[in-house]
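Everything below concerns the one structure shown next.
The values are calculated or read from the model by the stated rules, or taken from the named source; none is laboratory data. As the structure is a prediction and not an experimental result, all values here were calculated from the model. Every residue, glycine as well, gets a Cβ built from its backbone with ideal geometry; the counts of neighbours run over all protein chains shown. Note: areas computed on protein heavy atoms with side chains; ligands, DNA, RNA excluded. Shrake-Rupley method; radii C 1.70, N 1.55, O 1.52, S 1.80 Å.
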Amino acid sequence: GEQLRSMLARLSVKPADVSRIVTKATEHHYQVACGMYFEARHAGSALTETEMGGITHPNQYFDLSMKFYNELHATENAGVTSKAE
């Protein structure tokens, strides 16, 4: 648990999120802990996957991350377009 806690702190995860993630990991709920990490690193995201058992594969994490950032950039670009009009 302490190695995970240390690594998450080095990755600038908020202390409250670190505690939640480490708790789930030490309870052997690794997929849920991964989903919580995703939510901590992707501010404003809320994964239904976390509630339904977590992220189960690295490709799933990648796909969800790409979707998150594509939607974020689309929203940012829409705001720039509407300001220019």
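With respect to residue 54, is the statement that it is modelled with pLDDT under 90 and more than 15 Å from residue 2 (Cα to Cα) true? Considered against the rule, which asks whether it is modelled with pLDDT under 90 and more than 15 Å from residue 2 (Cα to Cα), residue 54 comes out as yes.
Once region 1-17 is narrowed to residues that are in contact (Cβ under 8 Å) with a residue 12 or more places away in the chain and either outside any helix (DSSP H, G or I) or under 15 Å from the mean Cα position of the chain (by Cα) (or both), the residue that is surrounded by the fewest Cβ atoms within 10 Å (Cβ to Cβ) is 1.
For residue 20, the criteria (1) part of a loop (DSSP other than H, G, I, E, B); (2) surrounded by 11 or more Cβ atoms within 10 Å (Cβ to Cβ) hold in every case but one, which is (1). Within region 35-49, work out how many residues are modelled with pLDDT under 85 and open to solvent by less than 20 Å² (accessible area, probe 1.4 Å). Count: 1. Pairing residues of region 36-47 that are over 16 Å from residue 63 (Cβ atoms) with residues that are β-branched (Val, Ile, Thr), at Cβ distances under 9 Å and at least 6 apart in sequence or on separate chains, gives 36/21; 36/50; 40/13; 40/18; 40/21. Can you tell me which residues in region 65-85 are at pLDDT 60 or above and open to solvent by less than 80 Å² (accessible area, probe 1.4 Å)? Result: 65, 68, 72, 74, 78, 79. Can you confirm whether residue 27 is at pLDDT below 90 and among the acidic types (Asp, Glu)? For residue 27, the condition - at pLDDT below 90 and among the acidic types (Asp, Glu) - is not met.
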